[in-house]
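First comes the structure, then the notes that go with it.
The values are calculated or read from the model by the stated rules, or taken from the named source; none is laboratory data. Source: prediction; values computed, not measured. Note that each Cβ is placed from the backbone with ideal geometry, even for glycine, and that neighbours are counted across all protein chains shown. Ligands, DNA and RNA are excluded from the accessible area calculation, which covers all protein heavy atoms including side chains. Shrake-Rupley method; radii C 1.70, N 1.55, O 1.52, S 1.80 Å.
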Amino acid sequence: MGAKTVNKLAVQGASLHYEIAGSGPVLLLIAGDAADAGVYSGIVGQLAAEYTVVTYDPRGNSRSRYDGDATDESVVQSAADALAVLDAVAGDEPADVFGSGSGAITGLELITRHPDRVRMLVAHEPPCTEVLADAADARAFFEEVRSTYHEDGLTAADVVYMMGTGMDGDAMPPMVDLLPEYRELAERMQANAANFYEHKLLPYTRYVPDLDALRRVADRVVPAAGMESYARLTGRPIDVIADHLGWPVVMFPGGHGGYSSHPAPFATHLSQLLKAL
């Protein structure tokens, strides 16, 4: 893998931190929730042997600062940010895109609005729970998480969120037990949590994908989930989307964060999948 380059990109209302590694076809990895580019550090090295791998901190997260005060997330703006990063790196060439969590929602909106710019989208567990039959229950749960954050603080909100999404078993070890580079990432993500609960959680989970538009590009959308998490709240929506697309869900190693817990097999699976398509 060649040297990683770190860049800044001015977009409407924010400045985006993005990183490039490797050479070859462009592969954009979109982080979700309170995460940033570093959440994909375990798979970038392997993928960079074959791809120009591009990662970035979503606006409001870590090193991608708002120009002014924080504002509620707009999925349309989030997709515009992803497109701006692609423009900066790939010009007008279509690129492969992988997104996980709310990063997968950004990817769905990106291919809906700019289908000519995405060669293939792998949408890994987008938590767009409005497509579920029990959407009202999911909506109430996420509102409870946000209320808990307001009334009882971050730690309490984390507990409700992790338990309600079934991700309580995915919690990271204590900070003191982490390697320095992972501790730095964990501290950055922890610092993003308040903004996530306040400004991102509800806009993303209330996102309603345009299923008719996605059906028109169904040959370029790969519905994906983790082997250990597809039955959980954040894994279930992609099953509904897959039914509309007429494709089975492709299973990846691990759970919702399988790219961190099982990096080598996850990267291999993603690379082989993109090549096969």
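Over the Cα atoms of the chain, compute the convex hull volume and normalise it per residue, giving Å³.
For the chain, the hull spanned by Cα atoms encloses 116 Å³ per residue.
More than 21 Å apart: what percent of Cα pairs in the range 25-126 qualify?
That fraction is 26 percent.
Any chance you could check the Cα centroid distance between the range 26-97 and the range 176-236 for me, in angstrom?
13 Å
From the P(r) of the range 215-260, could you give the percentage of C-alpha pairs in the tail past 15 Å?
40 percent
Can you find, among 145, 79, 264, the residue farthest towards the positive end of the dipole of the chain? Put +1 on the C-beta of Lys and Arg, -1 on that of Asp and Glu.
Checking the options against the dipole of the chain, the answer is 264.
So which residue, out of 70, 104, 80, gets the largest mean-square fluctuation from a GNM of the chain using Cα contacts under 10 Å as springs?
The residue with the greatest mean-square fluctuation here is 70.
GNM on the chain, C-alpha springs below 10 Å: top fluctuator among 225, 123, 95?
The residue with the greatest mean-square fluctuation here is 95.
Place a +1 charge on the Cβ of each Lys and Arg in the range 1-131 and a -1 charge on the Cβ of each Asp and Glu, then give the dipole magnitude about the Cα centre in debye, rounded to the nearest 20.
340 debye
Can you tell which of 218, 82, 136 shows the greatest fluctuation in a Gaussian network model of the chain with Cα springs below 10 Å?
The residue with the greatest mean-square fluctuation here is 136.
Rounded to the nearest whole Å², what accessible area per residue is found for the range 121-277 with the 1.4 Å probe?
Normalised by residue count, the accessible surface of the range 121-277 is 47 Å².
Determine the calculated [θ] at 222 nm for the chain from helices alone, applying -39500 (n - 2.57) to every DSSP H run no shorter than 4 residues and normalising by the residue count; nearest 500 deg cm²/dmol. Walk me through the numbers on the way to the answer.
On the way: 11 runs with 118 residues, N = 277.
Roughly -13000 deg cm²/dmol at 222 nm, from the helical runs in the chain.
Carbon and sulfur: what percent of the chain's accessible surface (1.4 Å probe)?
Exposed carbon and sulfur together represent 53 percent of the surface.
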